[in-house]
Amino acid sequence: MVLEDTARQLIEACQRGDPEGFRALFEKHKDMVYSVALRYSGDAAAAQDIAQDTFLKLFSTIGSFRGDSNFEAWLYRMVVNRCFDQKRKTRRLAPLLDGIVDALRTPGMSVLDEVLRAELSTHVQSVVDSLSPEQKMVVVLRYTQSLSYDEMAVIMGCSAGTIASRLNRAHKVLERRLSRLAGVAAPKGTK
């Protein structure tokens, strides 16, 4: 309850135009906003633009937040909308899985192993990028933000069943398009 009161007080301070309230709200949520933007866009500069646009929109519309819904869901919805706007503006397709290659990198891998891993990663990224914007966003929200179907439904403005359906379709597309990679042997040291 204390956290809810504190969050409410912070939002009310922003609604009054208190610069310290805006700063505190920004500091509290900047990493989440940037993370979603980066995972969706795959580009640090584009993610910065999306995050900046999100906070500009947030600060210009905070007065309209009535508290009928969860603030974090409202903010997620803003960043999702900015991501979709950026996608429409630039038509860039972005990698979702950049961090996986670094996480799986093993000391002592041969140059050939590195080349094979890079080629595999590029292929996986291009398949993820080929998903529809809605499918890609549910993948981002689910696997990089660990949100529940209900949370994603609020953010995406649809039902939890629609989220489940989009995620299921995304899984099937990924499985179908990546199935030929299943026969590729893993590089040494990754099993």
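The values are calculated or read from the model by the stated rules, or taken from the named source; none is laboratory data. In this text the structure is predicted, and so the values were computed from the model without any measurement. So basically every Cβ, Gly included, is an ideal-geometry build from the backbone, and we count neighbours across all protein chains shown.
Here are a few things to note about the model shown:
- Checked across the stretch 110-130, the condition of being at pLDDT 85 or above, in a helix (DSSP H, G or I) and closer than 20 Å to residue 34 by Cα holds for no residue.
- Applying the criterion of being under 14 Å from the mean Cα position of the chain (by Cα) and among the hydroxyl-bearing types (Ser, Thr, Tyr) to the residues of the stretch 139-187, the residue that is modelled with the highest pLDDT is 148.
- Among residues of the stretch 8-27, those that are closer than 13 Å to residue 55 by Cβ and loosely packed, with under 11 Cβ neighbours inside 10 Å, counted: 1
- Test result for residue 136, closer than 25 Å to residue 56 by Cα, modelled with pLDDT of 80 or more and surrounded by 14 or more Cβ atoms within 10 Å (Cβ to Cβ): yes
- Annotation: of all residues in the stretch 31-77 being surrounded by 16 or more Cβ atoms within 10 Å (Cβ to Cβ), over 22 Å from residue 147 (Cα atoms) and among the aliphatic types (A, V, I, L, M), the one that is modelled with the lowest pLDDT is 46.
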